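J.: Please find one structure pasted underneath; my questions will follow.
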Amino acid sequence: MAETTQLSCLCGAFALAVIGSPIITTECHCRSCRESGARLAALPASRPVLAPNGGTPFVLYRKDRVRFVRGMEQLAVFRRTPDTPTRRVVARCCNTVAFLEFKGGHWLSLYAGLWPQGSAPLPAIRTMTSDLPAGESLAGDIPAGKLVTAGFYARLLGAWLAMGFKSPDIAIANEIEA
Ligand SMILES: [Zn+2]
Ligand SMILES: [Zn+2]
């Protein structure tokens with residue numbers, strides 16, 4: 001039996017469970033994650049979303065390995081711009097930033113802040129470091145760069161293949177502004 005880990009928002013009204021191991025753990029340095037992270041972290045009571053180096057730590061799980069346990073009605077979608085297809089989902093009971101979903105994606109990128117402080121699996125790679133602001137650089141402690149990002153997409157594709165190319169829908173009715 002794969003291990004199940006239950007994770008909840010800060011107040012506990014919303015909870016999900018992840019089953020087994022993630023596809024991969026990443027720290028994203030793209031502009032949209034950076035901007036969205038800063039805006040979401042400014043919501044009242046939100047936990048930090050960005051790492052001190054400006055990256056967004058994510059734990060990526062196949063959608064069929066994520067179970068919603070309670071409080072789905074607390075979830076609200078944040079879109080960086082009105083026509084941004086990517087959904088960043090917040091538990092609005094306590095403004096815990098929960099996960100990111102690419103349109104049609106077969107995985108969820110769970111924000112590491114969903115784990116109790118210090119217990120999230122650490123990022124294995126850095127992606128989208130080409131978006132770093134001019135003059136900024138990162139520590140070389142974990143792999144980054146174009147090849148790493150390419151390998152990351154290969155891992156995602158492998159997971160999709162294992163899922164029989166299904167991309168389950170997650171219905172979320174509410175929207176949130178940040
Ligand atoms: Zn909550
Ligand atoms: Zn990103």
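Here, each number is a calculation from the coordinates, and none is a lab measurement. Keep in mind the model is a prediction, meaning the values are calculated, not measured. Cβ coordinates were reconstructed from backbone atoms using ideal geometry, including for glycine residues, and neighbour counts include every protein chain displayed.
J.: Which ³J(HN,Hα) values, rounded to whole Hz and listed in residue order, are derived for region 41-52 from phi using the Karplus coefficients 6.51, -1.76 and 1.60 in 6.51 cos²θ - 1.76 cosθ + 1.60 with θ = phi - 60°, glycine and proline given as x?
T.: Going residue by residue, I get 5, 7, 5, x, 6, 4, 7, x, 10, 9, 6, x Hz, with x marking Gly and Pro.
J.: Using the scaling law 2.2 N^0.38 Å as the reference, what is the normalised Cα Rg of region 92-178?
T.: 1.32
J.: Farthest toward the dipole's positive end in the chain, which of G145, L100, A134, given Cβ charges of +1 (Lys, Arg) and -1 (Asp, Glu) about the Cα centre?
T.: Checked the options; the winner is L100.
J.: Would you grab the residues whose amide H sits under 5 Å from the one on W107? Only those 5+ places off in sequence or on another chain, please, with H modelled 1.01 Å from N.
T.: Under 5 Å from the amide H of W107 lie the amide H atoms of K63, each far enough along the sequence or on another chain.
J.: Can you run phi through the Karplus equation (6.51, -1.76, 1.60; θ = phi - 60°) for region 149-165 and list ³J(HN,Hα) in whole Hz, with x for Gly and Pro?
T.: 5, 5, x, 4, 5, 5, 4, 4, 5, x, 5, 5, 4, 4, 8, x, 6
J.: Still on this structure: At 1.002 mPa s and 20 °C, plugging the Kirkwood radius over alpha-carbon pairs of region 4-175 into Stokes-Einstein gives what diffusion coefficient in µm²/s?
T.: 131 µm²/s
J.: Treating only the Cβ of Lys, Arg, Asp and Glu as charged (+1, +1, -1, -1), what charge dipole size does region 4-175 show about its Cα centre? Round to the nearest 20 debye.
T.: Value, rounded to 20: 240 debye.
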